[in-house]
Amino acid sequence: MNYVQQQDRLSRMIAAFAAAILLLTLAGAAVPAQAQTYTDLHDFNPGAGDPDLSQFTGLFPQGWDGSLYSLARNGGTSSDGTVYGITLSGTPTVLHSFDGTDGNVPYYGLTLGTDGNFYGAATEGGSANAGTIFKITPTGTFTLLYNFNGRTDGGGPFGPPVEASNGNFYGVTTGNVGGSLVNPSTFYKITPSGTFTTVHTLTSAQGVSCANAVLGSDGNFYGSCNGGGANNDGSLFKITPTGTLTVLHSFDATDGFDPTCVCRVQATDGNFYGVTYQGGTSGVGVIYKLTTKGVYTVLHNFTGGAEGGDPTAGLTQGPDGNLYGTASIGGSSKDGVIFKTTTAGVFTVLYNFDGTHGSSPQSNLTLDTDGVLYGNTDGGGADGAGVFFSFKVGFSPFAALNATSGKEGAKIGILGQDFSSSSVVKFGGTKATTIVHSGTTFITATVPAGALTGAVTVTTGTTTLTSTKTFDVLPTITSFAPESGPVGTSVTITGTGLKQTTKVTFDGKSAAFTVISDTEVKADVPTGATTGKIAVTTKGGSATSATSFTVN
């Protein structure tokens, strides 16, 4: 049990009051009415040692211990910002105070690594006053990974780096040094141990003052800039891990402006949904959809009135398919709102902040595995310094995966609640025989032989938690025999994860095949095949042989 959990015993909860009624699902079908409940869990008081939330808390990931973690850009012992954790019942703990040498003005939250540690960035401070990248454990052990030099590496990282499937972290910079824009933005890679590489330096036509890149399901990164582009109003871009950048959209202010926040989420339909802080028909921001091919659609223009405006935080997709977010101004009390939108743009205000229980929400809503949304406001509350709140919309608890693909034998972390040593984990219905139980909120399970691509479930007693994302079992090819032969030869392919094979090719030519088991597939060398490698495609991915099959 870490310090954040220990402090949970001292937490207090403030009475909840009812909000609105959720009537429709994403598809518009009628569902039973669900109560929506907003609860002010903690009123922040920096004078009493709490984090100072003034502006842009950003991402708020759930740790292995079940608590939430983020950054405060001000406050702390040196007034240079802090890293903090907070329990779900509302007890905050400052884990690290920045002192300028290790960073200053940390922005837009943290990324949870597959190692259980958190990774983040400070926009200023460090050896060249150009910002830093850091790692911190849930118990507060802080490691400075990199000092930006403010020249070749851009400087001024605005938002945390994100982890790719190769275990490295990737991010973008604004080009700021000491708070002034002096350099082009960059896209960078950094290893968990701190080896830094500038992968790409952006031109002004690609974007200026860029912030945060999110990882897409295609393995590419999607980012935004609040300047540059074709109209000098900002851009949205795609970039490969090796640095090939494609501008997907250039803003013209009428369709949004200033998207520089952790504003994008890839929904289950494969499209990205996000917000801009400014622009649109009323100048106070829009909600947009972006396809991976660059088709941009404004789904909703904020008005700044009853439905809010100036959204500074991104969107979170719920299990119902709808997207949930906050706007920092407007609403019935002019203190901001919580809203939802369908992926078609049907917009609904769910809650109006009233100042007393928070105002100006500027953190991304986090959907915890307990099925509840959590967030922060920058103002309001008993001390006027913001609140930590929960918002219930009727979602059921679920399991969250720290990786959504892996080979048989891979160790996968699973977040949830009420886990025990008797919990049973299944990958696509196949039971994992090896699990490591770490408290009640985290389990590490080894992908078993015969695992199938599908949902991961954790059953504890009579309760089963199901992952909201599919786990893809990646196939392998270890050998094939014979190594050569004419067209029509039956070839035995040996490997793992082959039970759900959908295609076999010889040097790109499709072959007839039969699945024998999870470790064996037989395929006939097809007419027209030439010497080349054998590839197997399954529901979870594809694998290619290390050597070529020779067609006689």
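With a point put 7 Å past each Cα toward its Cβ, work out how far Thr492 is from Thr77 in nm, to one decimal.
For the pair Thr492/Thr77, the computed spacing is 6.6 nm.
Given 0.36 nm per residue, what is the gain on full extension from Thr434 to Glu483 after removing their alpha carbon distance, in nm? Intermediate values should be presented prior to the final figure.
Values: separation 49, 0.36 × 49 = 17.64 nm, distance 3.55 nm.
Difference between extended and current length: 14.1 nm.
Could you work out how much longer the chain between Val295 and Val515 gets when fully extended? Use 0.36 nm per residue separation minus the Cα distance between them, nm to one decimal.
75.2 nm
Roughly speaking, what is the centre-to-centre gap between the range 395-460 and the range 199-225 when only Cα atoms are used, to the nearest Å?
The distance from the Cα centre of the range 395-460 to that of the range 199-225 comes to 33 Å.
What nm value, rounded to one decimal, do you get for the distance between Lys522 and Ser193 when each label is placed 7 Å out toward the C-beta?
If labels sit at Lys522 and Ser193, their model points lie 4.8 nm apart.
If the cut-off is a Cα-Cα distance under 30 Å, which lysines reach Lys499, setting aside same-chain residues fewer than 8 apart in sequence?
Leaving aside lysines fewer than 8 places away in the same chain, those within reach of Lys499 are Lys407, Lys411, Lys426, Lys431, Lys469, Lys509, Lys522, Lys533, Lys539.
Using the Cβ atoms and a cut-off under 12 Å, what net charge is assigned to the surroundings of Glu163, where Lys and Arg are +1 and Asp and Glu are -1?
Details: positive: Lys135, Lys189; negative: Asp115.
Around Glu163, the charge tally is +1.
For the chain, what is the calculated [θ] at 222 nm in deg cm²/dmol (nearest 500), taking -39500 (n - 2.57) for each run of four or more DSSP H residues and dividing by its residue count? Working shown, then result.
On the way: 1 runs with 5 residues, N = 552.
The helix-only estimate for the chain comes to 0 deg cm²/dmol at 222 nm.
Separation of the range 257-298 and the range 36-87 by C-alpha centroid, Å?
Result: 26 Å between the Cα centres.
On a full-extension model of 0.36 nm per residue, what is the gain between Phe347 and Thr143, subtracting their alpha-carbon distance, rounded to one decimal in nm? It would help to have the intermediate numbers written out before the result.
Numbers: separation 204, 0.36 × 204 = 73.44 nm, distance 4.24 nm.
Gain on stretching Phe347 to Thr143: 69.2 nm.
Read-outs throughout are calculated quantities, based only on the coordinates presented, and are distinct from any laboratory measurement. Just so we're clear, the structure is a prediction, and the values are computed from it rather than from any experiment. Positions of Cβ are backbone-derived with ideal geometry, glycine not excepted, and every protein chain shown enters the neighbour counts.
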